[in-house]
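The values are calculated or read from the model by the stated rules, or taken from the named source; none is laboratory data. All of these numbers come straight from a predicted model, not from anything done at the bench. Cβ: placed from backbone, ideal geometry, glycine included. Neighbour counts: every protein chain shown. For the accessible areas, the whole protein counts, side chains as well, though only heavy atoms, and no ligand, DNA or RNA atoms are used. Shrake-Rupley method; radii C 1.70, N 1.55, O 1.52, S 1.80 Å.
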Amino acid sequence: MAGRLAVLLVLVLFAGCGAFGGAERQTVTPVPVPEQSQDDRAVPAVTESAVDARRLAAGHRRATRNRSYVLGMRLSLEWGTQIVSFVVEDRYRYQYRTEIINKNYTKRVYNNRNRRYVHDERAQGAWSATRRPTPVSEVLDPDPTRLIEAYLATNVSVERPRDGCDTCPVILTATEPPAAFEPADNYSVQATVRPDGLVQSFTVSYWDRSRKARVSYEIRYSAIGETAVSRPTWVRKRWGNATDNDPVLSDSHRRDAVG
């Protein structure tokens, strides 16, 4: 199952798709986090000695839903390494960049409330500007919540601050693969969970026996509640001073290089 899960992650990455924190951002006023429901408070995701991976993933989803943030993701398998960076201001205003190292593939997307811009080097340098913006939830692949739920569905150690700090993060670690996995060697997972339920960092590493390769995966959130997205340089270079409502930018798909 470890091998099959790894393959699934690869397919999800290629379907959806910078270096960590590599996109432009500015400071904005943080957005309040929605309060947890009574049911979620009654059965917390993290207790003194155990973790409910499903509830932890759901709490993370709520904590990021109405917040701006920068998200860096890295996945390494036997075929190579893919790096993805998301800069999110809100549901419809974000940009991301994904790159497969040493494969000559980079894709950039800038999405705002009026238009979606794409430069896909895999498609022979295809450029497009469309009036069909897409919410970030539909392009956030792989979805960190699914990874949290999958990889932490095992025996997890909980390390809380020794001084009883209520505003400090909790550290989760696991060294045994989930029961659904086929044998995997040197399994290691670590997660840093903030009091509001947001999993700020998450790393996975193990040796996949079936594929005879090391699997490593990392996600990291930063600039939480302090990120804004502006029109990126590559969009300004391609479309000049045209506005998002300019008719000339109606649905297009061009393969010529930047002039």
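Observations on the model:
- Test result for residue 102, open to solvent by 20 Å² or more (accessible area, probe 1.4 Å) and over 24 Å from residue 195 (Cβ atoms): yes
- Top-ranked residue of segment 103-140 - restricted to ones that are in contact with a Ser or Thr (Cβ under 8 Å, 6 or more places away or on another chain) and polar (S, T, N, Q), ranked as modelled with the highest pLDDT: 111
- Lone unmet requirement of (1) part of a strand (DSSP E or B); (2) within 13 Å of the chain's Cα centre (by Cα); (3) not hydrophobic (A, V, I, L, M, F, W, C) for residue 89: (2)
- Whichever residue in segment 83-102 is polar (S, T, N, Q) and modelled with pLDDT of 90 or more and, among such residues, is nearest to residue 220 (Cα to Cα): 85
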